[in-house]
Amino acid sequence: MDKNAIKVENLVKSFGEADSEVVVIDGANFSLSKGEFVALIAPSGSGKTTLLMMLGCALEPTSGKIVIGDRIVYDNKWKIKDDRALRRKKIGFIFQSHYLIPFLNIEENISLLPYQNGEKPKVVKQRVKEILDYLDMGDKLYNMPSELSGGQNQRIAIARALANKPDIILADEPTAALDQKRAVSVVKMLKKITREQDVTIIMVTHDERLLPYCDKVLTIKDKKILVEENSDEHII
Amino acid sequence: MINLAYKDISHSFSKFIVTAISVGVLLGIVIIMIGVYRGMVFDAKSLVDDIKADIWVVQQDTLGPFAQNSKVHEDLKEQISYQNGIKSASAITFETIQMQNCYGDFKVMIVGYDPLSNIDVINMDKLIAGRTINKQHYEIVVSKKTHYKLGESIKLGRDYFKVVGITKESVSNGGDYLMFVSLKDAQMLQFTYTNERVKSDESRGIKGGNPHLVNAIIAEIKDGYNPKRVATNIEEATHKKVFTKDEQKRLLLEKVIKKSSKQIGMFTVILIIVSIVIIALIIYTMTLEKIKEISILKLIGISNWTISKMIVEETVLLGFLAFISGNIFARLVQGAFPKRIVLELSDAFILFIIILIASIFASLFGIYKVIKTNPSEAIGG
Ligand SMILES: Nc1ncnc2c1ncn2[C@@H]1O[C@H](COP(=O)(O)OP(=O)(O)O)[C@@H](O)[C@H]1O
Ligand SMILES: [Mg+2]
């Protein structure tokens with residue numbers, strides 16, 4: 001459990017130039033290990049999404065260093081050529097809305113990334129089925145997203161995030177649109193994934209009731225990231 | 001790999017088809033415009049082609065009888081027929097009048113020719129019923145589109161004419177229907193006026209028209225003679241203007257329909273440009289509609305190539321379907337136009353190439369939008 005998943009050093013992010021410059025993250029330092037379930041909780045507008053996007057190499061930081069696994073991806077400038085290739089191989093995304101592609105059925109939505117990674121149809125089909133069974137959605141293979149409920153679609157979104165066997169899943173308020181009961185079930189599912197598939201998950205949330213499920217809690221205070229380790233007896 | 005274009009289109013199939021057909025109708029109009037132009041060119045030459053004359057003798061210093069008015073004496077025919085190289089000569093008149101029957105108003109060109117002449121004035125291939133004129137009076141051959149029937153009587157001027165033959169697709173240089181009568185009848189029609197007109201003319205000292213005028217003398221030349229050389233010789237001998245068949249056709253194209261064809265050409269160019277702009281806009285809108293999905297795809301790691309491929313494929317398919325429906329549309333409405341529309345495959349093919357290039361160009365807008373989209377904006381805060 002101590003192999004590096006994400007390491008961030010002196011990470012700074014500001015928007016705008018000169019006079020109108022707004023600093024959002026001002027020197028973040030933290031590191032996360034493989035298989036950790038991490039919560040990120042902070043008020044609206046404090047930079048949670050911004051941080052997640054930088055970790056996913058979808059948003060360029062202002063300065064600092066980001067290491068994903070054993071790879072330095074950013075060191076005051078991008079160290080990788082193809083951010084999208086990195087994302088499709090190593091990172092999964094889950095959002096507040098499911099953001100499934102409306103014109104693809106469930107199976108196609110989930111297998112899009114593995115196909116893009118050049119995997120064989122037979123392998124992909126097998127994996128999609130396994131993932132859906134794992135998430136208890138095995139009978140929805142050929143449904144369209146519009147035919148499923150919000151909670152079901154969110155589970156499909158989780159399935160999509162798992163399809164490329166990522167090392168890291170970045171989840172931006174994945175439970176915000178769900179009621180308490182479904183939120184807890186999604187969080188339990190995410191936790192199970194970290195345990196069984198050795199995936200590191202950072203989950204942005206506003207709901208303090210979900211914190212006990214996590215190994216670590218990150219907060220943003222005065223533009224800095226604070227890390228709080230949940231002691232074992234508190235973890236559910 | 002999943003074909004995104006195919007999935008997207010089948011998901012919103014009816015919308016895609018309606019869009020393609022709408023663009024297709026626009027292209028169909030372009031195709032018809034080109035056909036109208038072709039039709040004008042075809043019609044302009046059609047009468048001169050039908051009349052089996054090698055040379056046309058007309059009034060001096062005129063471009064007659066179509067591009068300009070021309071009047072020559074009927075007996076010029078005798079003089080021409082004695083010229084070196086001439087096989088036979090005949091007089092001919094053209095007069096456009098307005099007519100009316102139970103099918104509506106229309107313009108007809110009345111062609112007066114000598115039924116005894118050896119020079120065919122009616123193209124036998126176009127005679128679909130009856131015969132040509134063989135009496136000197138009161139017989140008429142009409143275009144099918146005038147709706148007159150064989151044996152029917154038509155009142156022209158003061159007299160009744162019996163329909164003895166019907167032609168199809170024979171039109172004047174301006175695309176109007178044709179009616180053929182004998183030269184004698186035509187002269188009578190052209191130069192005899194109503195009683196009132198004759199009275200009023202006489203009170204002015206005008207003695208009435210000269211019924212022995214015609215618009216042109218047409219002639220066939222003997223085998224082995226060069227039409228141009230014969231024409232030049234006749235010009236020198238008679239002080240008339242003489243055109244060969246080719247010159248007469250060129251004259252029709254240059255003088256008679258040049259302006260209108262330029263007009264149509266301009267119109268066609270504008271229509272093509274408008275179609276290209278509309279196709280580009282549709283593609284751009286189709287891309288914008290999917291911008292959310294596109295940024296999600298980019299965010300989860302789908303390559304620009306995969307996304308751009310979807311847009312190009314959709315665009316090309318749209319262009320292709322539009323082209324097909326445009327052609328179908330053009331062929332469906334073709335018959336409803338009063339004048340000839342000539343739809344040529346080569347024109348359609350060139351238009352297809354233009355639309356294809358335009359579609360690909362249009363999809364560049366879409367691709368540009370795809371590349372510019374910031375994946376982190378996908379989830380909008
Ligand atoms: N593209 C941008 N340009 C300018 N300011 C931005 C941009 N993205 C985010 N911000 C600002 O950065 C701050 C943090 O935003 P965000 O990371 O979305 O917050 P959170 O996810 O914690 O609600 C906000 O004040 C927001 O206005
Ligand atoms: Mg946010």
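Give me the Kirkwood hydrodynamic radius of the stretch B:216-280 in Å, from all C-alpha pairs, to one decimal place?
Kirkwood hydrodynamic radius for the stretch B:216-280: 15.1 Å.
Can you run the Rg to Rh ratio on the stretch B:60-239? Use alpha carbon positions and the Kirkwood inverse-distance Rh.
That ratio equals 0.99.
With the cut-off at 19 Å, tell me which of the pairs B:245/B:339; A:3/A:125; A:34/A:216; B:87/B:168; B:107/B:184; B:184/B:228 have Cα atoms farther apart than that.
B:245/B:339; A:3/A:125; B:87/B:168; B:107/B:184; B:184/B:228
Pulled fully out, how much extra length does the chain show between residue A:123 and residue A:23, if you take 0.36 nm times their separation in residues and subtract their Cα-Cα distance?
31.5 nm
Can you sort B:368, B:177 by solvent-accessible area, 1.4 Å probe, largest first?
B:368, B:177
Where in chain B are the DSSP H helices whose C-alpha atoms run 30 Å or more along the long axis and whose mean Kyte hydropathy is at least 1.0?
Helices meeting the span and hydropathy rule in chain B are B:13-50, B:258-289, B:345-372.
What is the average number of partner chain Cβ atoms found within 10 Å of a Cβ in B:2-10?
3
Counting only the heavy atoms of the protein chains, how much of residue B:377 is accessible to a 1.4 Å probe, in Å² to the nearest 10?
The accessible area comes out at roughly 130 Å².
Would you rank B:189, A:226 by solvent-accessible area, highest first, keeping every protein chain in place and using a 1.4 Å probe?
Putting B:189, A:226 in descending order of accessible area: A:226, B:189.
Expected output is a single nm value to one decimal: the length gained when fully extending between residue A:75 and residue A:209, i.e. 0.36 nm times separation in residues minus the C-alpha distance. What is it?
Gain in length upon complete extension: 44.6 nm.
For the protein assembly as shown, what is the mean residue ellipticity at 222 nm derived from helices alone (per DSSP H run of n ≥ 4: -39500 (n - 2.57); sum divided by total residues; nearest 500 deg cm²/dmol)?
So the calculated ellipticity at 222 nm is -14000 deg cm²/dmol.
Find which of A:168, A:152, A:126 sits farthest along the positive direction of the dipole of chain A, computed with +1 on the beta-carbon of Lys and Arg, -1 on that of Asp and Glu, about the Cα centre.
Positive-most Cα among the choices belongs to A:126.
Find how much the distance from residue B:101 to residue B:158 grows on full extension, using 0.36 nm per residue of separation minus their present alpha carbon separation; answer in nm with one decimal.
Additional length available on full extension: 18.9 nm.
So what's the convex hull volume per residue for the Cα atoms of the protein assembly as shown, in Å³?
Cα-based convex hull of the protein assembly as shown, divided per residue, equals 269 Å³.
Give the ranking of A:189, B:179 by solvent-accessible surface, highest area first, calculated with a 1.4 Å probe.
Order by accessible area, largest first: A:189, B:179.
With a 1.4 Å probe, how much accessible area is buried between chains B and A, both sides summed, in Å² to the nearest hundred?
2400 Å²
Which value, in Å³ per residue, describes the convex hull spanned by the Cα atoms of chain A?
In chain A, the Cα hull volume divided by residue count equals 131 Å³.
I want to check the label-to-label distance for residue B:345 and residue B:377. Put each point 7 Å from Cα in the C-beta direction and report it in nm to one decimal.
4.9 nm
Taking each residue in B:289-296, count the Cβ atoms of any other chain within 10 Å of its Cβ, then average. What number comes out?
Mean number of neighbouring Cβ atoms from other chains: 3.
Normalise the Cα radius of gyration of the stretch A:71-137 by 2.2 N^0.38 Å (N = residues in it) and let me know the number.
Normalised by 2.2 N^0.38 Å, the Cα Rg of the stretch A:71-137 equals 1.34.
Cα to Cα, under 14 Å, and not fewer than 8 places away if on the same chain: which aspartates and glutamates meet these conditions relative to residue B:309?
Here the aspartates and glutamates satisfying the reach criterion relative to residue B:309 are B:8.
Using the alpha carbons of chain B, what is the convex hull volume per residue in cubic angstrom, as a whole number?
Looking at chain B, the number lands at 210 Å³ per residue.
Give me the inter-chain shielding for A:78-86: mean count of other chain Cβ atoms within 10 Å, whole number please.
2
Only bridges with both residues in chain B count here: give the DSSP antiparallel percent, nearest 5.
75 percent
Can you give the % of DSSP beta bridges in the protein assembly as shown that are antiparallel, to the nearest 5?
If we restrict to bridges inside the protein assembly as shown, about 70 percent are antiparallel.
Can you give the net charge of the other residues whose Cβ lies under 11 Å from the Cβ of residue A:216, counting K and R as +1 and D and E as -1?
Summing Lys/Arg as +1 and Asp/Glu as -1 gives -4.
The values are calculated or read from the model by the stated rules, or taken from the named source; none is laboratory data. All figures in this text were calculated on a predicted structure; none of them were measured in a lab. Glycine also receives a Cβ, built like all others from the backbone with ideal geometry; neighbour counts cover every protein chain displayed. The area values use the complete protein model at the heavy-atom level, side chains included, leaving out ligands, DNA and RNA. Shrake-Rupley method; radii C 1.70, N 1.55, O 1.52, S 1.80 Å.
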